[in-house]
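Written below as structure tokens is the structure these notes are about.
The values are calculated or read from the model by the stated rules, or taken from the named source; none is laboratory data. Keep in mind that what you see is a predicted model, and the values were worked out from it rather than measured. Here Cβ is always computed from backbone atoms with ideal geometry, including for glycine, and neighbour counts include all displayed protein chains.
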Amino acid sequence: MKPTAFNAIHKALNAKMVAFAGYEMPIQYEGILAEHERVRNHAGLFDVSHMGEFWVSGPDALEFVEYATINNVGSLEKGQVQYSAMCIESGGIVDDLLIYRFADRFLLVVNASNLEKDFIHLSEIAREFDVQLENGSDSIALLAIQGPESKHILKKLTDANLDELKFYHFGIGKVNDVDLILSRTGYTGELGYELYHDPEHSEDLWQALMMAGEEYQLGPIGLGARDTLRLEMKFCLYGNDIDESTTPLEARLGWAMDLDHGDFLGRDAILKQKAEGVGRLLVAFEMQDRGLPRNGYNIYAGEDPVGLVTSGGQSPTLKKGIGLAYVNKPHHKIDTELQIDIRGKRLAIRIVKPPFIQKRTG
């Protein structure tokens, strides 16, 4: 397992460490519930240095990224971030990612579990374009600070105008006198920021943020709470909710896809599926009976199997079981009541409109 630049800090804090995507990562510190509530009510600090970062430059950089991803990259302004996905020819999702547009290049931020696969996939596409593709993952460390108090904490350490930094935008600035990329996206549904920086500054940056955040109850957050936070927002997790067997239409990622802006890998298959009709859709559901839904559990309409859970668990905010599932039409509609099989017992669920709680990205 590879350590991140914050590994010694995690262990000094007695974090429970696990293997994740080839890295040794903290799954929790004080406990998932306490960490989840800290982010919802105050602020939390996440080590997300396991994420992959690829640089794309060269004369055909825009055309390359446009073809490799499903959204309209040309519509991005410099300093803007876009959520998107990459597909294979069949329309299946290779990965979801963030695209950062600089004046002369692009930064693609991909999931850690797909880093090697993604780079091979993009390298094969790059053969047809005049571009330079560089894997910068090992030279970039990444911290995320999320929660309603995150701006107040960060303001103590930077001269950057955080009031003017819009959601899904970024800039180059200093935090604690460290030059870095400062962006405003997030995976929690709360106001938050990401700090892409040189790993040699990681420990000092962590300590400065924790000290600045002490009065705002800032605390370290592990992968466990990161998962419950994203589930409450219906943010997809690659390998669970999306993969190469699912398409953007099935995953309801149409808002992150532009079928009209030009050709991209997988577009023909997606257009064909759209014309023929999608047979299943990713839905959000809440437990009506007491129980915890988990990945792989079957969903029924009477005696007929109609769906499969992809993500699930207890919502710390709602104090009930929630989940995501692919459900066959017409059982996908809001307020449809179905049953889930949990260890041989059929329990009631109801399809709901996502997200499970209101976004508070500011």
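Of note:
So that you can scan it fast, the table gives a plain yes or no per residue for (1) buried (at least 16 other Cβ atoms within 10 Å of the Cβ); (2) closer than 21 Å to Pro316 by Cβ; (3) not assigned by TED's automatic domain parsing to the domain that holds Arg360:
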position	(1), (2), (3)
Ile9	yes, no, yes
Ala15	yes, yes, yes
Ala19	no, no, yes
Gly31	no, yes, yes
Ala34	no, yes, yes
Arg40	yes, yes, yes
Ala43	yes, yes, yes
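- Unique match (being assigned by TED's automatic domain parsing to the domain that holds Ser57 and crowded, with 23+ Cβ neighbours inside 10 Å) among Leu108, Leu195, Leu218, Leu115: Leu108
- Selection count, the stretch 6-23, where residues are part of a strand (DSSP E or B) and closer than 17 Å to Leu143 by Cβ: 2
- Per the listing Lys319, Lys359, Lys353, the residue uniquely over 28 Å from Phe167 (Cβ atoms) and of a type outside the set (A, V, I, L, M) is Lys319.
- Which listed residue, of Tyr216, Tyr193, Tyr168, is modelled with pLDDT of 95 or more, of a type in the set (Phe, Trp, Tyr) and more than 17 Å from the chain's Cα centre (by Cα): Tyr216
- Applying the criterion of at least 1 residues that are of a type in the set (D, E, K, R) to the strands (runs of 3 or more DSSP E) found wholly in the stretch 38-112 leaves 44-47, 52-57, 93-101, 105-110.
- Of all residues assigned to the stretch 249-259, none qualifies as being farther than 25 Å from Glu232 by Cβ and surrounded by fewer than 15 Cβ atoms within 10 Å (Cβ to Cβ).
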